[in-house]
Amino acid sequence: MEDVKKTISRRVYIVFIGLLFIGFAICAKLLKVQVWEQDYWLNLKDNTTRVDTIFGKRGNIYDIDSNPLVTSLPHYNVAFDPTAAKSNLFEENIGELSSLLAGKFGQKSPREYEREFRAARDKDKRYIPLLKKVNLSDKKEIETWPLFKEKSSKGGGIFKKINERNRPYGTLAKRTLGLIRENAEDFGLEKAYDKYLTGGKMPQLNYKLPTVGWIEVNYSGEQPEDGFDVHTTIDVNIQDAANKALKSALEENAADHGCAVVMDVKSGEVRAIVNYGKDKKGDYYEMYNYAIAETILPGSTFKIPMLLSLLVDKKASLNSLVDVGNGVKKYYDRTMRDSHAPKEPVMTLQSVIEKSSNVGISTLINNSYTGDEWALINRLNSFNLNEKCGIEIEGEPMPDISNPDEDRWSGVSLPWLSIGYELKLTPLQLLSFYNAIANNGVMMKPHLVKKITNRDEVIEEFEPTEVKQICSKKDAYNVQKVLRGVVKRGTAKGIASEYLTLAGKTGTTVISNPKISSNKRYQASYVGYFPHENPKYSCIVVVSDPKNGKYYGSQVAAPVFKEIAEKTFARDIELQKQMKGEITAEELAKLEEFPTTRKGFVEDLEVIYDYVGTDYEIETNAPFVYSESKDGYIALKAEKSFDATVNTVPNVKDMGLRDAIYILENIGMKVQISGIGKVIQQSKEPGKSFEKGELIKIKLG
């Protein structure tokens with residue numbers, strides 16, 4: 001008995017000592033891991049997991065009519081975790097899922113897909129990449145498939161969203177709309193309104209798999225909020241017209257670069273802003289925002305601020321006479337010349353501006369302000385010509401007008417300032433002054449953005465801002481009279497239009513330095529407004545260094561202004577009414593023949609017919625309709641080709657871009673756009689069957 005007790009005690013001691021040894025070993029291992037190997041294990045953790053920040057979809061940028069200028073198009077990378085589903089759910093659905101993948105995308109056979117999924121499940125492989133850059137329509141379809149219709153944690157479907165910036169109108173207004181870039185400075189509206197456009201953010205856990213690399217782990221399915229949308233003042237039709245007109249002139253004259261800006265007179269809203277520079281290959285593209293960021297010598301276009309100074313300071317009237325002699329005058333050691341010899345030795349101030357006489361305006365300014373030069377500078381400053389416009393996007397420099405306190409001021413500064421030298425302004429700053437003249441002396445702040453929205457909710461709205469009244473209505477009217485005279489009988493008479501009245505001033509500036517080169521380089525410009533009777537738009541065109549023999553503002557820049565004005569007029573119904581005396585809405589309602597409209601949303605057509613006072617009846621519950629003239633009213637009927645439940649190509653001809661895109665993308669088609677206006681052509685014949693994701697090309701005109 002005693003031997004048994006000893007044997008048991010011995011065994012207990014052995015077990016105790018063994019457990020004690022194991023305990024010491026564990027403690028030693030923990031100490032080793034926590035102290036000596038701490039850096040190693042921390043590095044291992046850092047190399048297998050990481051937390052990134054993900055952002056919601058970046059907001060869109062629209063034109064004034066809500067046409068998309070910049071959008072974020074979502075694409076999705078699709079993957080599958082074959083270990084997520086429980087055995088019975090996996091076995092019941094894996095065969096059908098494999099067949100659907102093979103049938104839709106055809107990269108592998110159903111058997112190959114199923115074999116891959118089962119092998120991965122057996123090996124506890126949690127991530128199998130399937131597809132890259134799947135569009136939204138295909139994603140929605142995949143989400144209805146077995147396993148993928150379950151939550152990611154239950155079914156194993158994984159979608160990684162990738163938003164790409166897309167420009168439906170290509171490079172239109174590229175420098176103004178801007179870019180957000182990783183390896184270069186951001187610019188344009190994308191930068192100025194980044195805080196609105198940027199979506200919400202949330203942490204994203206990533207896990208590194210040995211054979212796959214980094215994958216996102218987000219089984220909750222939560223996504224950050226999308227960014228707000230920016231609605232600009234740009235009119236895509238006016239922008240397109242300005243684009244084409246300026247680029248054509250640059251190519252024709254082999255110019256170095258140029259810009260054009262169109263602005264709404266009453267509000268200061270910028271309707272178009274075009275910037276083209278020439279690369280080493282001779283191609284033109286938007287490489288720099290010349291309209292906002294480049295300061296120029298305004299040349300003869302600056303004679304208008306000089307004219308207004310004379311009128312406001314009561315130094316002269318439009319009928320004041322000035323001796324211009326033979327068009328040549330000496331100021332100290334420099335000679336002032338008119339570009340063309342005057343027909344008469346004595347001219348009125350009005351004629352001096354209309355004919356752009358350098359000698360005439362310099363004589364009047366020199367005689368009026370010599371000995372009181374600061375009076376002129378202060379008057380120019382009162383026109384806000386010494387201040388920035390304050391437009392939203394970065395890059396605008398301060399104006400630079402020489403003054404008597406500076407070393408560069410000399411005895412010839414007054415006369416040369418009068419013809420647009422000894423100072424520099426940006427094209428937009430100069431246009432802002434001319435816009436004030438067209439607006440009866442009221443200067444408006446130029447701006448590019450009208451409102452910020454979150455879907456249908458207006459987050460912030462930007463009203464027109466009046467800067468100041470720079471002169472009386474009477475003085476503004478007198479300047480308007482002269483600007484109209486420039487087109488009727490002066491240097492811009494070559495651009496007189498048969499459709500609408502134009503007003504403005506030409507400018508031709510020598511931009512080369514005679515001390516550096518004997519080869520003269522010129523800058524041609526034209527700035528004005530239209531129509532003259534009730535100005536709606538102001539516009540400036542600047543063309544730098546034209547080389548094919550023509551360099552005057554009247555030859556190079558003024559025709560661009562005319563083309564922009566006439567194309568704008570052709571699309572502006574209100575302008576046409578004003579110039580042609582077209583019927584009013586009340587008169588339209590009295591017509592015996594009732595006007596039909598193009599196809600579109602029933603709500604939009606209701607607004608149109610309510611406005612013109614035309615009787616109509618809605619004969620359908622369909623959202624998309626066409627109109628048909630009946631006996632005394634308009635009938636709005638369902639357009640059957642818009643039925644999203646029917647797998648046939650709809651007829652989107654005569655529709656606006658927004659309606660056409662909505663219809664086509666809603667039924668799962670990919671859309672490629674070209675042109676401006678309404679849909680005039682579609683690549684797929686209406687009524688024909690189509691496959692989800694099939695491309696359709698639509699042409700606007």
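Observations
- Close pairs (7 angstrom Cβ cut-off, 6 or more residues apart or separate chains): within 28 Å of Glu396 (Cα to Cα) in the range 186-207, in a helix (DSSP H, G or I) and among the hydroxyl-bearing types (Ser, Thr, Tyr) anywhere: Gly188/Thr176; Leu189/Thr176
- Members of the range 173-197 that are in a loop (DSSP other than H, G, I, E, B) and at pLDDT 90 or above: Ala173, Gly178, Tyr193
- Residues (closer than 10 Å to Ile698 by Cβ and either aliphatic (A, V, I, L, M) or touching a helix residue (DSSP H, G or I) at 6+ places or on another chain (Cβ under 7 Å) (or both)) located in the range 651-668: Val652, Met655, Leu657, Ala660, Ile661, Leu664
- Hits in the range 316-368 (condition: on the phi > 0 side of the Ramachandran plot and either under 42 Å from the mean Cα position of the chain (by Cα) or polar (S, T, N, Q) (or both)): Ser356
- Restricted to the range 128-180, and to residues there that are within 28 Å of the chain's Cα centre (by Cα) and of a type in the set (Ser, Thr, Tyr), the residue that is nearest to Leu197 (Cα to Cα) is Thr176.
- From the options Tyr421, Tyr434, residue that is of a type in the set (Ser, Thr, Tyr) and more than 19 Å from Asp313 (Cα to Cα): Tyr421
- Meets criteria (touching a residue at least 40 places away in the same chain (Cβ under 8 Å), in a helix (DSSP H, G or I), open to solvent by less than 50 Å² (accessible area, probe 1.4 Å) and farther than 26 Å from Val261 by Cα) for Lys154: no
- Flag if Val487 is modelled with pLDDT of 95 or more and touching a Ser or Thr at 6+ places or on another chain (Cβ under 9 Å): yes
- For Val467, the stated conditions do not hold, so it cannot be described as closer than 18 Å to Glu252 by Cα and in contact with a strand residue (DSSP E or B) (Cβ under 6 Å, 6 or more places away or on another chain).
- Residues being of a type outside the set (Asp, Glu), at pLDDT 90 or above and open to solvent by 30 Å² or more (accessible area, probe 1.4 Å) - total across the range 96-107: 2
- Restricted to helices (runs of 4 or more DSSP H) entirely inside the range 267-381, those with at least 3 residues that are in contact (Cβ under 8 Å) with a residue 24 or more places away in the chain and in contact with a Pro (Cβ under 9 Å, 6 or more places away or on another chain) are 290-293, 358-369.
- Residue ID - farthest from Lys247 (Cα to Cα), chosen from residues in the range 516-552 that are within 31 Å of the chain's Cα centre (by Cα) and among the hydrophobic types (A, V, I, L, M, F, W, C): Phe530
- For Lys125: the one exception among (1) farther than 30 Å from Leu448 by Cα; (2) surrounded by 15 or more Cβ atoms within 10 Å (Cβ to Cβ); (3) at pLDDT 90 or above: (3)
- Filter result (within 25 Å of Asn289 (Cβ to Cβ), part of a loop (DSSP other than H, G, I, E, B) and either touching a Lys or Arg at 6+ places or on another chain (Cβ under 8 Å) or not aromatic (Phe, Trp, Tyr) (or both)) within the range 537-556: Asp545, Pro546, Lys547
- Checking the range 645-652 against the condition returns a match, with at least one residue being farther than 30 Å from Arg571 by Cα, open to solvent by 40 Å² or more (accessible area, probe 1.4 Å) and either touching a His at 6+ places or on another chain (Cβ under 6 Å) or modelled with pLDDT under 75 (or both).
The values are calculated or read from the model by the stated rules, or taken from the named source; none is laboratory data. Predicted, not measured: the structure shown is a model, and the values here were computed from it. We place every Cβ from the backbone using ideal geometry, glycine too, and count neighbours over all the protein chains shown. For the accessible areas, the whole protein counts, side chains as well, though only heavy atoms, and no ligand, DNA or RNA atoms are used. Shrake-Rupley method; radii C 1.70, N 1.55, O 1.52, S 1.80 Å.
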